[in-house]
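Heads up, the thing below is written out as structure tokens.
The values are calculated or read from the model by the stated rules, or taken from the named source; none is laboratory data. Note that the structure is a prediction, hence the values are computed from the model and not measured. Cβ atoms come from the backbone with ideal geometry, glycine included; neighbour counts cover every protein chain shown. To get the accessible areas, we keep the full protein, side chains included, count just its heavy atoms, and leave off ligands, DNA and RNA. Shrake-Rupley method; radii C 1.70, N 1.55, O 1.52, S 1.80 Å.
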Amino acid sequence: QVQLVESGGDLVRPGGSLRLSCAASGITFRLYSMKWYRQVPGKQRELVALITTSTTTNYADSVKGRFTIFRDNDKSTVYLQMNSLKPEDTAVYYCNANFQSLYYWGQGTQVTVSS
């Protein structure tokens, strides 16, 4: 059974930092590209960051220079380090695992940026 379990979401003040984690089980993690998405009510899910199996990374323009995605294949975990958080970063953050035609999603973790 494949599971992606996100954690680390919280309420944080503008300018603060959070680190999200997504722990995978039931897959050969090193074979999967990993992505972080986010979604706010009434809007489409947005791709925030991705990391390939060769650790190439890419980011949405809105988070470049503030967010960093990285992975630990030994722990089957992908992380999203979020710095200089803004109120517009408020969303539910989801991790996604992709290998060829296989896609898996986590349940999401809430990030709220507010003073």
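Scanning region 59-77 for residues that are among the acidic types (Asp, Glu) and either within 27 Å of Thr28 (Cα to Cα) or in contact (Cβ under 8 Å) with a residue 12 or more places away in the chain (or both), we see that the one that is most open to solvent (accessible area, probe 1.4 Å) is Asp74.
Looking at Leu20, is it open to solvent by less than 20 Å² (accessible area, probe 1.4 Å), among the hydrophobic types (A, V, I, L, M, F, W, C), within 12 Å of Val111 (Cβ to Cβ) and touching a residue at least 24 places away in the same chain (Cβ under 8 Å)? Here the answer is yes, as Leu20 does meet what is asked.
Return yes when Val5 is surrounded by fewer than 15 Cβ atoms within 10 Å (Cβ to Cβ), in a strand (DSSP E or B), of a type outside the set (Phe, Trp, Tyr) and touching a Gly at 6+ places or on another chain (Cβ under 8 Å) and no when it is not. Answer is yes for this residue. Here Ser84 meets each of (1) open to solvent by 50 Å² or more (accessible area, probe 1.4 Å); (2) touching a Gly at 6+ places or on another chain (Cβ under 8 Å); (3) in a strand (DSSP E or B) with one exception, condition (3). Within region 59-71, the set of residues being assigned to a strand (DSSP E or B) and farther than 21 Å from Asp10 by Cβ comprises Tyr59, Arg71. Could you grab me the full set of residues in region 87-115 that are open to solvent by 50 Å² or more (accessible area, probe 1.4 Å) and under 14 Å from Ile51 (Cβ atoms)? Phe99 - this is the single residue of region 87-115 that is open to solvent by 50 Å² or more (accessible area, probe 1.4 Å) and under 14 Å from Ile51 (Cβ atoms).
Among the residues of region 23-58, just one is hydroxyl-bearing (Ser, Thr, Tyr), open to solvent by less than 50 Å² (accessible area, probe 1.4 Å) and either assigned to a helix (DSSP H, G or I) or without any contact (Cβ under 8 Å) to a residue 24 or more places away in the chain (or both), namely Thr52.
Residue-by-condition table, conditions (1) out of contact with any Asp or Glu (no Cβ under 8 Å at 6 or more places or on another chain); (2) on the phi > 0 side of the Ramachandran plot; (3) of a type outside the set (Asp, Glu):
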site: Gly15; (1), (2), (3): yes, yes, yes
site: Arg19; (1), (2), (3): yes, no, yes
site: Ser25; (1), (2), (3): yes, no, yes
site: Val63; (1), (2), (3): no, no, yes
site: Thr68; (1), (2), (3): yes, no, yes
site: Val92; (1), (2), (3): yes, no, yes
site: Asn98; (1), (2), (3): yes, no, yes
site: Trp105; (1), (2), (3): yes, no, yes
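Against the list (1) within 14 Å of the chain's Cα centre (by Cα); (2) at pLDDT below 95; (3) not basic (Lys, Arg), the condition Asp72 fails is (2).
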